[in-house]
Amino acid sequence: MENLNSEYERYQRARKKVIEIKGFYIHLTCYVLVISVLIYINLKYTPEYLWFLWSMLGWGIGLFFHAARVFNWMPFLNKEWEERKMKQFMEEERNKTKFE
């Protein structure tokens with residue numbers, strides 16, 4: 001029975017990861033399409049000022065952090081860090097209730 005539970009948990013984690021990666025690729029596709037349209041509009045109607053760069057930069061920063069989260073490029077804020085912090089806080093809470 002325990003083996004079934006761990007297999008199901010692994011399946012759920014893998015499914016969640018696939019959904020996160022799919023969400024990133026949808027985000028990337030929207031970014032490329034919208035920025036392409038903005039570049040076209042900018043160069044056609046106001047080529048003297050390249051305002052599309054601001055949108056590209058702002059959204060690009062958000063896209064970078066989305067990728068960093070999905071692909072675990074942030075070693076200091078990854079799942080292991082979250083689990084360690086949760087255990088630390090739970091232990092602190094347990095110790096606090098012992099002394100009260």
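The values are calculated or read from the model by the stated rules, or taken from the named source; none is laboratory data. These numbers were taken from a predicted model, which means no experiment stands behind them. Areas reflect the complete protein model, heavy atoms only, side chains present, ligands, DNA and RNA absent. Shrake-Rupley method; radii C 1.70, N 1.55, O 1.52, S 1.80 Å.
Descriptive notes on the structure:
- Residue-level accessible surface for Glu80, protein heavy atoms, 1.4 Å, Å²: 100 Å²
- Residues in the chain average 85 Å² of solvent-accessible surface per residue, probe 1.4 Å, ligands and nucleic acids excluded.
- With all protein chains in place and a 1.4 Å probe, the accessible surface of the chain carries 67 percent carbon and sulfur.
- Span-like helix ranges in the chain, DSSP H, alpha carbon extent 15 angstrom or more, Kyte mean at least -0.5: 2-45, 52-70
- The Rg/Rh ratio for the chain is 1.25, where Rg is the radius of gyration of the alpha carbons and Rh is the Kirkwood radius.
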